[in-house]
There are 2 protein chains.
Amino acid sequence: MERHHFEEELQALKNRLLTMGALVEERVHQAVRSLIDRRQEEAEEVIASDKEVNDLQIDIDDRCLKLLATQTPLAGDLRLITAAMKINADLERIGDQAVNIAENVIKLLPQPPLKPLIDIPRMAEAAQAMTRDALDAFVKKDAAMARGVLKRDDEVDALKDAVFRELLTYMMADPGTIQRALALILISRNIERIADHATNIAEDVIFIAEAKDVRHHAELQEPKP
Amino acid sequence: MERHHFEEELQALKNRLLTMGALVEERVHQAVRSLIDRRQEEAEEVIASDKEVNDLQIDIDDRCLKLLATQTPLAGDLRLITAAMKINADLERIGDQAVNIAENVIKLLPQPPLKPLIDIPRMAEAAQAMTRDALDAFVKKDAAMARGVLKRDDEVDALKDAVFRELLTYMMADPGTIQRALALILISRNIERIADHATNIAEDVIFIAEAKDVRHHAELQEPKP
């Protein structure tokens, strides 16, 4: 493969990853909105449309393997392509979490609302923004932007703990709320996992941008002033 | 790199993955035992020893990148090396789940036991066996063995549902059990995620053994008679 053609193929790969990212983000958005608006059909749509995400994942993986097979990529391209394979897997699993949220919503909807939802939509908003920024950082090879994503994971964790504590008080006060509170706790864990996947993507971006492995090296995650 | 040397390096890579697998399996075993034996120090050890797993993950990733960089591998080797990178990530996340289990155990231990634990140890046993067999299938390139792992994921899901239903009845009957029951539900979800990672590994093995993508194609998971 000529270098010029190779560059085109790399660009096409990045575009497909962005498409995949937009697709799973829309699924997450739709799953959370089905909870807020209490719309069962919308939750069912999320579950039914999983195939599109899966087909795109296989297509992206194939592109990566072809790029690796047709020439020996330079060190930087090699890191980029193998990171793309990992990012692809993380995006697909974000899609799985949208399905899990939708399934929990369907369990929840037959019962009356437990409480106005505030922290869960906020968590979802944060996790979606993290995913978007992690992918944006990937395309721009922007390590600083990726570090911003890592930081926001703590915010999502704090919201998750707040959701847990609040729902616990509901359950303790009235056992009639237990099933609904549990479904909401599980939804908050699904959202937490989306933020975890965004964090994985951000770590891969820092790895390709700086060719050093920040995973598990807290001291490397923030450049010294 | 000569072919002979390349083969040696591939073998070394497989051995490192097996070491990584044995290490995270031991962590999971230790985390679950700290729950059953109610030993806080053992749970703390699991949390403290995460670094060993993380160092090994970085070492394995480096080996994969070097193998990809030093020569254009043949199609089969290419699939094997990229699968090894994915399997490595799944193993590391199994290690993360052992840490999550240990953290939930530490929350649980100050309170008296809620009930004798039966299904959770059984779930953990199944998830560990799935991880072991998925890795074994990887080393032997044994697609049939990997398919056996996929089947057993349903068993773990059924146990997870049984755990959830049983703990729900405890919570409904006595709000004083809610916190402990919740911790046990979260532990069962941690174990479910271990089984999910084993399933991911098994899918990668079928992909490298048969060079077709079984992910998301239920009809391909079982060969026609």
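Taking GluC sites (Glu not before Pro) across the range A:1-95, the ones in a DSSP loop with at most 15 further Cβ atoms lying within 10 angstrom of their Cβ are A:GLU2. Shown for A:GLU125: label points 7 Å from Cα along the beta-carbon vector, and their distances to the equivalent points in the other copies, 4.8 nm in ascending order. Across all directions, the shadow cast by the convex hull of the range A:1-137 built on its C-alpha atoms averages 8.5 square nanometres. The phi torsions of the range B:33-47, fed into the Karplus equation with coefficients 6.51, -1.76 and 1.60 and a -60° offset, translate into couplings of 5, 4, 6, 5, 7, 6, 10, 4, 4, 5, 5, 5, 4, 4, 5 Hz, rounded to whole numbers, with Gly and Pro shown as x.
Taking Cα centre as origin and charging only the Cβ of basic (Lys, Arg, +1) and acidic (Asp, Glu, -1) residues, the dipole magnitude of the range A:94-165 rounds to 80 debye. Set the Cα radius of gyration of the range A:95-211 against 2.2 N^0.38 Å, with N its number of residues, and you get 1.21. Per-residue ellipticity at 222 nm from helix content only, as computed over chain B with -39500 (n - 2.57) for each DSSP H run of at least four residues, stands at -29000 deg cm²/dmol. Only one residue of B:PRO121, A:PRO116, B:ILE94 has its Cα farthest out toward the positive end of the dipole of the protein assembly as shown, where Lys and Arg carry +1 and Asp and Glu -1 on Cβ, and that residue is A:PRO116. Distance between the 7 Å Cα→Cβ label points at A:GLN111 and B:HIS5: 6.4 nm. Ligands, DNA and RNA aside, B:ILE120 has an accessible area near 10 Å² when probed at 1.4 Å.
The simple spin-label model puts a point 7 Å past each Cα toward its Cβ; for A:ASP59 and B:ASP157 those points are separated by 2.6 nm. Between the range A:37-71 and the range B:1-49, the alpha-carbon centres lie 31 Å apart. Principal axis analysis of the Cα atoms in the protein assembly as shown yields extents of 68, 61, 43 Å, listed in decreasing size.
A 1.4 Å probe over all protein chains sorts A:VAL139, B:VAL156 by accessible area into A:VAL139, B:VAL156, starting with the largest. A simple count of charges around B:ALA173, restricted to other residues whose Cβ falls under 15 Å of its Cβ and scoring Lys, Arg +1 and Asp, Glu -1, yields 0. If only the Cβ of Lys and Arg carry +1 and only the Cβ of Asp and Glu carry -1, the dipole of the protein assembly as shown around its Cα centre is close to 500 debye. Each label was represented as a point 7 Å from its Cα along the Cα-to-Cβ direction; for A:ASP174 and A:ARG38 these points are 1.4 nm apart. Output the pairs from A:LYS86/B:LYS66; B:LYS66/B:LYS86; B:LYS86/B:LYS151; B:LYS14/B:LYS66; B:LYS107/B:LYS160; B:LYS115/B:LYS160 with a Cα-Cα distance over 24 Å in this structure; if there are none, say none. Exceeds cut-off: none, every pair is within range. Against the main long axis of the alpha-carbon atoms of chain A, helix A:143-173 sits at an angle near 20°. The magnitude of the dipole of chain A, with charges of +1 and -1 set on the Cβ of Lys/Arg and Asp/Glu and taken from the Cα centre, is near 360 debye.
For the Cα atoms of chain A, what angle does the longest principal axis make with the long axis of helix A:75-108, in degrees from 0 to 90, nearest 10? It is inclined by approximately 20 degrees.
The values are calculated or read from the model by the stated rules, or taken from the named source; none is laboratory data. Just so it is clear, the model here is predicted, and its values are computed rather than measured. Positions of Cβ are backbone-derived with ideal geometry, glycine not excepted, and every protein chain shown enters the neighbour counts. These area figures cover heavy atoms from the full protein model, side chains too; ligands, DNA and RNA do not enter into them. Shrake-Rupley method; radii C 1.70, N 1.55, O 1.52, S 1.80 Å.
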